[in-house]
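Worksheet for the structure shown next.
The values are calculated or read from the model by the stated rules, or taken from the named source; none is laboratory data. Treat the numbers as computed from the prediction; the structure is a model and nothing was measured. Here Cβ is always computed from backbone atoms with ideal geometry, including for glycine, and neighbour counts include all displayed protein chains.
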Amino acid sequence: MPLLSRFETPAALRDFPLGSPFYDRWSEKVDELMGRDRFPGSAGPEPAPIGTPVGEFFSPHRHDVNPIAERSLVWMGFPRELLINNRDNRQLAFESGDTRSATERTTQVEYLEWRVTREGDRIKKVTFVTETKEYWEVMFAFDPNRVLDLYRTLVDPSITMAQITDSAGRYNMLNEFNTSRGIVHLIGISPDNTLAAAIGLAQGSVGGPGRRHVRDNYEITSFPRTSADPRVGIDLDDLARKGLSVTAAEAVGLYMAAWDDTGWTKPDGSPVGNYWRVVRGHPGAALRLEYEVPAAERFDVSDIKIGGRPIRFGGHLAEHITVTVVGRAGVRP
Amino acid sequence: MAKENLDKIIAELSKAEGEIKPQERGAVNATFGERAKQAKKQRSKVAPHVGRPGAEPKKDQRAAAKKLEKVATPFALSLEFEPVFAENERKNIQGNIIPGFNKDYQYFLFYRIKTVKKAKVWLRWIAPLISSMEDVLAFNRLYRILRYRLGSKDVPIKATWVNIAFSNAAVAKLVSKEAALSFGDQSYRQGLAARSEYLGDPTNPRSSGNKNKWVVGGPDNEADILVIVAGDAEKAMLDMVDQIKTEADRGGLTLLFEQAGETLPGRLRGHEHFGFKDGISQPGVRGRASDAADDFITPRYIDPTDPRSDLFAKPGQLLVWPGQFIVGMQRQSPEDLFTAAPEATNFPNWARLGSYLVCRRLRQDVKAFWEFAIDTAASIGLPARKFASMLVGRWPSGAPISRTPGADIPDLGADDLANNHFLFDDATRPSNLIPVPGYPGDTYPQAAADLLGAVCPHFAHVRKVNPRDSATDLGKIADSLTRMIMRRGIPFGPPLLGVGLLRPPLWKKERGLMFLCYQGSIEDQFEFLTRRWSNSTVQPNVGGHDPVIGQEGSQGNRDRFIVVPTSPKPTTVKIKDEWVIPTGGGYFFAPPIESIAEVLGA
């Protein structure tokens with residue numbers, strides 16, 4: 001298979017006209033991340049060098065590999081750590097899950113973040129995102145006004161440039177319209193909800209020293225309490241153990257793959273309608289997803305019950321959203 | 001391939017099953033302790049952390065891993081860390097939870113409390129009849145000794161067991177509303193009918209599976225009490241049932257529904273109505289019944305020199321901490337395969353040593369299942385029996401398709417030390433077993449690595465509800481251990497298979513599975529397995545619905561699909577019909593035996 005000439009934008013977003021040099025800028029950014037020999041700042045294992053017998057993580061832009069399989073690596077959007085730390089008190093887990101602000105460390109660590117729009121104590125809308133800061137930083141570097149336009153479209157038409165930048169005019173991802181008053185993209189800081197972290201996780205999962213003795217997944221026992229890290233780590237290590245070359249499939253990104261509203265009922269007890277709206281991305285690969293009951297229905301999200309339980313937190317929905325990255329495995333020609 | 005004929009398939013299935021061979025393995029534990037003492041421990045190393053900066057494993061996880069690395073004596077994990085069930089615990093835990101009745105004849109009585117005062121008298125009457133873990137373990141011990149001595153499975157001792165469980169509404173009636181509210185499992189407090197839609201059951205009131213049409217457990221006919229009677233001999237069991245019913249009539253109870261269950265006859269013993277051997281894969285319970293080094297609750301068959309002896313009771317049977325099934329005991333850590341997590345705290349004191357019981361009466365439409373299998377197999381060029389086995393993940397004999405992709409091996413299906421020994425993601429290595437009298441060893445082909453689901457598809461029932469060594473949407477393998485349930489189901493209704501010529505009246509008779517399972521949390525175990533894995537097209541791994549028990553219920557839609565690993569491209573197959581239809585049940589709690597008379601009956 002010929003080398004990939006250019007990395008695609010997440011979900012093939014077209015935030016600029018076709019042919020815009022922006023797409024080259026984004027591709028360069030992904031290439032920078034995919035082509036790293038190691039993940040800077042990580043105390044974790046290095047990826048296997050290209051060509052090692054235990055497999056490798058490769059950049060399809062730099063190395064020619066014949067793909068033989070693609071595999072969607074899916075995980076639960078709600079933070080697993082909150083559920084296992086509050087095993088006997090799910091209410092507390094969901095209360096903790098809605099924390100997201102510039103000053104407090106977000107608890108939303110599964111590459112899915114959300115914001116609940118309330119009127120009083122009633123939930124009107126829940127907005128979910130998987131877009132990474134890198135995409136918005138590259139956009140801002142290329143055309144700050146386009147970023148401002150998108151903020152105005154997605155959050156509030158009255159937003160000014162000064163409100164999303166710092167005193168030096170640089171993009172401030174922790175601006176209030178991406179934290180306390182709105183949501184545009186991921187901000188997770190520890191652990192990082194960034195594309196660099198996701199790619200670094202994938203690179204670090206492959207055949208690092210000390211992992212080559214592993215014969216099956218029962219022998220891999222040490223992982224963080226998230227769903228995402230062990231999911232990606234175990235699966236990619238497993239593919240690499242088979243001697244395969246692995247990478248992130250195009251378009252490289254983090255997506256909401258599915259959302260399941262089985263057993264969600266209207267106030268009259270009947271099944272809810274389709275109140276999901278993919279705002280950025282597309283079904284199966286959503287980047288921004290909103291859940292809001294149409295005005296004609298005359299009730300709110302708070303009036304919906306999931307399995308007989310009223311929705312009180314955004315996390316009640318996040319538990320039923322599946323996040324994914326798509327891995328690709330192949331062999332050297 | 002020409003389309004196969006339904007009658008022919010059914011007839012073939014009826015004839016072609018391997019003999020269910022008696023398992024002459026009863027006394028193996030006699031030598032186990034000695035071997036355990038002599039053998040050397042070979043623990044696998046713990047792989048280094050992989051994950052994002054800031055998401056390192058917690059200190060306690062690292063400590064647990066290090067602790068295990070230091071363990072030097074054989075079965076140290078079992079002998080040093082696993083609990084010894086005290087006499088009080090063995091006498092209070094109901095026997096169907098652990099080790100399980102596993103009788104050929106069972107009977108289920110669903111009662112509504114009419115008069116609380118009289119019901120309490122009845123409870124005090126029935127309490128001494130309730131069979132404990134101690135009772136069942138003692139019987140099983142004696143049975144194994146006799147079977148070994150006689151060299152035959154036909155052992156001249158019989159037992160009839162009784163167990164009981166209560167809905168949350170019953171606790172409110174018999175104890176107090178506060179007591180009912182103090183059960184932390186919210187699903188139990190709500191009841192099965194309130195959770196029906198969440199489980200994917202049909203929401204259309206005209207559908208036969210809609211909860212309003214259930215024979216028991218619907219919004220208007222929820223049972224307060226479930227009595228389970230089980231026996232080796234049908235007559236003795238029915239005598240006990242009659243006695244209980246007579247007393248219940250006097251005891252202020254209304255019988256809402258009764259159901260007999262019976263193991264399928266002859267060669268189909270242990271199979272469910274579609275024709276597949278059922279109940280093969282059960283979790284093993286960590287712990288011992290006494291201080292004796294070899295008196296394990298779940299017998300151990302893996303040689304202590306094999307590092308997997310601390311993970312598995314027998315090949316493929318993962319060991320799980322008992323709190324996953326008994327509230328108030330140490331639970332399974334979702335972080336580490338070996339370590340325990342603290343016991344649950346969200347239940348009233350008197351409920352300690354009890355267990356949540358889910359009962360689902362599932363009607364099986366055998367004709368619809370096999371017609372789908374035959375039609376679809378013909379359309380994608382596979383033999384019907386092979387395709388049907390891909391839906392299940394096992395051949396009708398119980399042989400895993402992972403171990404024998406091409407054809408059934410009935411002897412493998414009947415081999416308890418081999419039929420559950422397979423991984424999905426990596427090639428399965430043989431286990432070293434302790435000597436088992438008369439057992440020649442597992443000589444069948446081992447399963448090859450099947451990470452991508454080319455042999456056992458990701459939708460296959462056994463892969464959906466037990467992902468084994470696969471990562472899931474919840475990440476690590478240890479988390480999957482916290483989802484396991486203790487299944488105690490039995491078929492009901494007349495069999496279709498094995499009866500010769502099929503006539504329409506027989507097709508029309510109702511048949512199915514009385515599905516029962518015990519767990520420490522209905523929401524985190526039974527409901528999770530059902531809603532999050534069986535019913536999902538993407539969880540635990542992408543590939544479609546579980547075509548056997550999975551249901552689709554999003555926005556009232558019922559259509560399911562599976563992605564069949566055909567060559568050169570996978571084929572997406574839509575499923576319109578349903579062949580497992582819920583027709584009743586309930587969420588119950590099986591309390592410790594002393595609380596039946598002293599709390600609920602007081």
With the checklist (1) in contact with a helix residue (DSSP H, G or I) (Cβ under 6 Å, 6 or more places away or on another chain); (2) within 12 Å of chain B (Cβ to nearest Cβ) in hand, flag the one item residue A:80 doesn't pass. (1)
State whether one or more residues within the range B:126-133 are among the hydroxyl-bearing types (Ser, Thr, Tyr), in the same structural domain as residue B:246 (by TED's automatic domain parsing), out of contact with any Lys or Arg (no Cβ under 8 Å at 6 or more places or on another chain) and modelled with pLDDT under 95. no
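What residue, among those in the range B:564-602 that are of a type in the set (A, V, I, L, M, F, W, C) and assigned to a loop (DSSP other than H, G, I, E, B), is surrounded by the most Cβ atoms within 10 Å (Cβ to Cβ)?
To start, the set of residues in the range B:564-602 that are of a type in the set (A, V, I, L, M, F, W, C) comprises B:564, B:573, B:575, B:579-581, B:588-590, B:593, B:596-597, B:599-600, B:602.
Those left that are additionally assigned to a loop (DSSP other than H, G, I, E, B): B:579, B:602.
Values: B:579: 23, B:602: 13.
That would be B:579.
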Pick out the one residue from A:230, A:191, A:267 that is within 7 Å of another protein chain (Cβ to nearest Cβ) and either farther than 23 Å from residue A:81 by Cβ or in contact (Cβ under 8 Å) with a residue 60 or more places away in the chain (or both). A:191
So, residue A:206, is that one among the hydrophobic types (A, V, I, L, M, F, W, C) and in a loop (DSSP other than H, G, I, E, B) or not? yes
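Residue under question is residue B:470, and the condition is that it be more than 21 Å from the chain's Cα centre (by Cα) and crowded, with 19+ Cβ neighbours inside 10 Å; does it hold?
Values: more than 21 Å from the chain's Cα centre (by Cα): no; crowded, with 19+ Cβ neighbours inside 10 Å: yes.
For residue B:470, the condition - more than 21 Å from the chain's Cα centre (by Cα) and crowded, with 19+ Cβ neighbours inside 10 Å - is not met.
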Conditions: (1) buried (at least 18 other Cβ atoms within 10 Å of the Cβ); (2) at pLDDT 60 or above. Residue A:69 meets all but one. Number of the miss? (1)
With respect to the numbered conditions (1) closer than 29 Å to residue A:328 by Cα; (2) of a type outside the set (Gly, Ala, Ser); (3) crowded, with 24+ Cβ neighbours inside 10 Å, which one is the sole condition not fulfilled by residue A:262? (1)
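More than 14 Å from every other protein chain (Cβ to nearest Cβ) and buried (at least 21 other Cβ atoms within 10 Å of the Cβ): which single residue out of B:199, B:174, B:192 fits that description?
On the way: B:199 fails: more than 14 Å from every other protein chain (Cβ to nearest Cβ); B:192 fails: more than 14 Å from every other protein chain (Cβ to nearest Cβ).
The unique qualifying residue is B:174.
Here's the yes/no breakdown for (1) more than 13 Å from chain B (Cβ to nearest Cβ); (2) closer than 22 Å to residue A:193 by Cα:
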{"residue": "A:255", "(1), (2)": "no, yes"}
{"residue": "A:272", "(1), (2)": "no, no"}
{"residue": "A:281", "(1), (2)": "yes, yes"}
{"residue": "A:284", "(1), (2)": "no, yes"}
With the first residue restricted to the range B:541-562 and required to be of a type in the set (Ser, Thr, Tyr), and the second required to be part of a loop (DSSP other than H, G, I, E, B), Cβ contacts under 8 Å at 6 or more apart or on different chains are B:554/A:260; B:554/A:261
Any residue in the range B:428-455 that is within 30 Å of residue B:566 (Cβ to Cβ) and assigned by TED's automatic domain parsing to the domain that holds residue B:567 sitting within a Cβ distance under 6 Å of a residue that is in a loop (DSSP other than H, G, I, E, B) and of a type in the set (A, V, I, L, M, F, W, C)? List the pairs, counting only those 6 or more apart or interchain. B:428/B:422; B:428/B:447; B:444/B:418; B:447/B:422; B:448/B:427; B:449/B:427; B:450/B:424; B:450/B:456
In the range A:271-284, which residues are surrounded by fewer than 14 Cβ atoms within 10 Å (Cβ to Cβ) and in a loop (DSSP other than H, G, I, E, B)? A:274, A:283
If we only count helices (runs of 4 or more DSSP H) wholly inside the range A:92-184, which ones have 2 or more residues that are surrounded by 17 or more Cβ atoms within 10 Å (Cβ to Cβ), of a type in the set (D, E, K, R) and out of contact with any Cys (no Cβ under 9 Å at 6 or more places or on another chain)? A:133-142
Residue B:331: at pLDDT 95 or above and within 14 Å of chain A (Cβ to nearest Cβ), yes or no? yes
Quick check: anything in the range B:265-288 assigned by TED's automatic domain parsing to the domain that holds residue B:324, part of a strand (DSSP E or B) and among the aliphatic types (A, V, I, L, M)? yes
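Rundown of residues vs (1) away from chain A (no Cβ under 14 Å); (2) surrounded by 15 or more Cβ atoms within 10 Å (Cβ to Cβ); (3) within 17 Å of residue B:399 (Cα to Cα), yes/no style:
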residue	(1), (2), (3)
B:432	yes, yes, no
B:435	yes, no, no
B:438	yes, no, no
B:441	yes, no, yes
B:447	no, yes, yes
B:450	no, yes, yes
B:456	yes, yes, yes
B:461	yes, yes, yes
Of the conditions (1) within 14 Å of chain A (Cβ to nearest Cβ); (2) aliphatic (A, V, I, L, M); (3) in a helix (DSSP H, G or I), the single one that residue B:412 does not satisfy is (1)
Looking only at the range B:348-371, decide whether some residue is β-branched (Val, Ile, Thr) and within 14 Å of chain A (Cβ to nearest Cβ). no
Wholly enclosed helices (runs of 4 or more DSSP H) of the range B:457-563 bearing at least 3 residues aliphatic (A, V, I, L, M): B:477-481
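Taking the range B:80-105 only, how many residues are of a type in the set (A, V, I, L, M, F, W, C) and surrounded by fewer than 18 Cβ atoms within 10 Å (Cβ to Cβ)? First the steps, then the outcome.
If we filter the range B:80-105 for residues that are of a type in the set (A, V, I, L, M, F, W, C), which is where we start, we get B:81, B:84-86, B:93, B:97-98, B:101.
Still in the running and surrounded by fewer than 18 Cβ atoms within 10 Å (Cβ to Cβ): B:84, B:86.
Total satisfying the criteria: 2.
Criterion first (in contact with a Gly (Cβ under 9 Å, 6 or more places away or on another chain) and either at pLDDT below 95 or part of a helix (DSSP H, G or I) (or both)) does residue A:329 satisfy it? Break it down stepwise before answering.
Details: in contact with a Gly (Cβ under 9 Å, 6 or more places away or on another chain): yes; either at pLDDT below 95 or part of a helix (DSSP H, G or I) (or both): yes.
Answer is yes for this residue.
Working carefully through the options B:284, B:279, B:275, B:266, find the one that is under 24 Å from residue B:465 (Cα atoms) and either among the charged types (D, E, K, R) or surrounded by fewer than 19 Cβ atoms within 10 Å (Cβ to Cβ) (or both).
Details: B:284 fails: either among the charged types (D, E, K, R) or surrounded by fewer than 19 Cβ atoms within 10 Å (Cβ to Cβ) (or both); B:275 fails: either among the charged types (D, E, K, R) or surrounded by fewer than 19 Cβ atoms within 10 Å (Cβ to Cβ) (or both); B:266 fails: under 24 Å from residue B:465 (Cα atoms).
None of the other options fit; the residue is B:279.
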Quick one: in the range A:233-253, of everything that is part of a loop (DSSP other than H, G, I, E, B) and more than 9 Å from every other protein chain (Cβ to nearest Cβ), which residue is surrounded by the most Cβ atoms within 10 Å (Cβ to Cβ)? A:253
Sort out which residues of the range A:254-268 are part of a loop (DSSP other than H, G, I, E, B) and either in contact with a strand residue (DSSP E or B) (Cβ under 7 Å, 6 or more places away or on another chain) or at pLDDT below 95 (or both), and write them in order of number. A:254, A:260, A:261, A:263
